[in-house]
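The values are calculated or read from the model by the stated rules, or taken from the named source; none is laboratory data. In this text the structure is predicted, and so the values were computed from the model without any measurement. Every residue, glycine as well, gets a Cβ built from its backbone with ideal geometry; the counts of neighbours run over all protein chains shown.
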Amino acid sequence: MSLEIYQIVTLILIGALVGISISFVGQTGQGVVLPVVLLFTGNGFLAIAVNLLNDLITSTFVSIGYLRKKQFKIRTDILIIIIIAMAVSLLGVFILLSSQLGNIYGWFIPLFIIILGFIFLYRGFPTTETLKRTARNITQKFLKKDKNDEIINKSESENELEIYIKGEDVHGFIPVGSRLFYILALIFGIIIGLNSGLFGANSGFIFVLALVIIYGYPIKKAVGTALILSILMSLGTFLIYQFLGIAIKGQFFFNIEISLYLAIGSTITGIIASLYVQRLSARTMGRGVGVVIFILGIVSLIFYFIS
């Protein structure tokens, strides 16, 4: 397809939003990319694959700053989540392409995006500070006294959580190798796999939560590591879409023009924003992005029913 000037400008601007989005603790750009690509092409599978590729490119460039500062750490037990997530992603893509489930994506994706826009308007955009609060709340729900090993009582756990969450030294509260450790790894792996396979997301934000809660990573090191894991997840799921696309649908889900212009916007802002983005107000940023996402979802939904 040959893009019009307004489409090129739109894609570059949308890409710029994605760069900022991923700079906020690895948050995927699916909220703005999916409805735009769906609007331009009418192909939900292509929209998912394009978003995966763009998340892959942007995460790669944004991660450079973290790699230079050595804000990352790859542990062998993290492979548990990656293996589970990739297997679930493969299953999700296969079901999506080989069943009638994919037919609902013309209206489901815009509806999902509209809901996402409401969430950003209400809760703000994920940042380091909101991530700390989210990690604290989730950890408090899972942190219980083990029958065999006395860890800490409720009052002590709340005090320690307050101490650890305030700074960059966010410690894990799940004993490595415990039953809860593997249960949470399984849960996060399934969520990441479904999120990537069915919605084309890099799942960076979910990776960060898993690294903080299960493995006890400091925030910055969690973000840097999550970006690396997001690269692997985006690449793996993108390749799955291409392989199964040929095997089941007889076509590749790839568009070089759309991917190129998205990448121009996202890589430039991603590199710049990764240095300064955390100084912005999460609520202000969330409202702005929420409005954009909501409008895009409404427009995509209208065009779907018109067509």
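Structure summary
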read-out: Matching residues, the range 75-101, being among the hydroxyl-bearing types (S, T, Y) and either closer than 24 Å to A210 by Cβ or within 19 Å of the chain's Cα centre (by Cα) (or both); value: T76, S89
read-out: Number of the exception - I14 against (1) part of a helix (DSSP H, G or I); (2) of a type in the set (V, I, T); (3) under 30 Å from Y217 (Cα atoms); value: (3)
read-out: Members of the range 9-36 that are modelled with pLDDT of 85 or more and out of contact with any Ser or Thr (no Cβ under 7 Å at 6 or more places or on another chain); value: V9, T10, L11, I12, L13, I14, V33
read-out: Subset of the range 266-302 [modelled with pLDDT under 70 and among the aromatic types (F, W, Y)]; value: Y276
read-out: Close pairs from the range 37-60: first at pLDDT below 85, partner outside any helix (DSSP H, G or I), Cβ under 7 Å, at least 6 apart; value: G42/S307
read-out: Failed condition for A85, given (1) surrounded by fewer than 24 Cβ atoms within 10 Å (Cβ to Cβ); (2) of a type outside the set (S, T, N, Q); (3) over 30 Å from V291 (Cα atoms); value: (1)
read-out: Test: residue in the range 230-252 that is touching a residue at least 24 places away in the same chain (Cβ under 8 Å), hydrophobic (A, V, I, L, M, F, W, C) and more than 15 Å from A85 (Cβ to Cβ); value: yes
read-out: Y6 at pLDDT below 80 and either assigned to a helix (DSSP H, G or I) or in contact with a Ser or Thr (Cβ under 9 Å, 6 or more places away or on another chain) (or both); value: no
